[in-house]
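Enquirer: Before I ask anything, here is the structure I am working with.
The values are calculated or read from the model by the stated rules, or taken from the named source; none is laboratory data. What you see is a predicted model; the values in this text were computed from it and never measured. Cβ coordinates were reconstructed from backbone atoms using ideal geometry, including for glycine residues, and neighbour counts include every protein chain displayed.
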Amino acid sequence: MATETKTGHSRNGGSAKRDRTVMELVEQALKSDREMSTEELYERAKKVNPAMKNLTLRQFNARYPLQVKRKLAREDGGRTQSLGIEGLEHDRLIGAALGGAMLGVALGGPGGALLGGCAGLVFGANLNQIHRPARSDSVQGGDHD
């Protein structure tokens, strides 16, 4: 049974009611083209279910494309891998940037934090290059096309 929150929004077991047909449409579209715009998905969804026009673009995005993208990212092995960054590499970048920012604040205030964070990112990216294992599909002596 749906209940209302203090702000008047409907709460239905923690998630809003979703149209299965629209969800499948969005999932198929994003599987074929992960870069498809929310606007294009929204227009397609309105053709399948005219009731979608009652949702704002923001509401539609939260109920359909965002959920599908999260699901696809989990299937691909997690959020960072879908960005093309392995988990450990992602952690090194975050740690280096935060460390650089903290050092920058200590030495130079807010301006130092910005410079320190940027320097940390460069340092972290270099660490990732140093510690990246060799790819088994590359030709020894460099990749050739």
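Enquirer: In region 79-111, what residues are modelled with pLDDT of 65 or more, surrounded by 17 or more Cβ atoms within 10 Å (Cβ to Cβ) and within 30 Å of VAL68 (Cα to Cα)?
Expert: Step one: of region 79-111, the residues modelled with pLDDT of 65 or more are 91-111.
Still in the running and surrounded by 17 or more Cβ atoms within 10 Å (Cβ to Cβ): 92-93, 96-97, 100-101, 103-104.
The answer is ARG92, LEU93.
Enquirer: Test LEU115 against the stated conditions and say whether it is modelled with pLDDT of 65 or more, more than 16 Å from the chain's Cα centre (by Cα), outside the structural domain of ARG34 (by TED's automatic domain parsing) and under 30 Å from ARG34 (Cβ atoms).
Expert: Criteria not met by LEU115.
Enquirer: Taking region 45-71 as the region of interest, how many residues are more than 14 Å from MET23 (Cα to Cα), polar (S, T, N, Q) and assigned to a helix (DSSP H, G or I)?
Expert: 1
Enquirer: A further question follows. Return only the number of the condition from (1) loosely packed, with under 13 Cβ neighbours inside 10 Å; (2) modelled with pLDDT under 95 that GLU39 does not satisfy.
Expert: (2)
Enquirer: Is it the case that region 4-14 has a residue that's surrounded by 14 or more Cβ atoms within 10 Å (Cβ to Cβ), modelled with pLDDT under 95 and under 26 Å from GLU75 (Cβ atoms)? Please lay out each step first, then the result.
Expert: At the first step, the residues of region 4-14 found to be surrounded by 14 or more Cβ atoms within 10 Å (Cβ to Cβ) are none.
No, because not a single residue in region 4-14 is surrounded by 14 or more Cβ atoms within 10 Å (Cβ to Cβ), modelled with pLDDT under 95 and under 26 Å from GLU75 (Cβ atoms).
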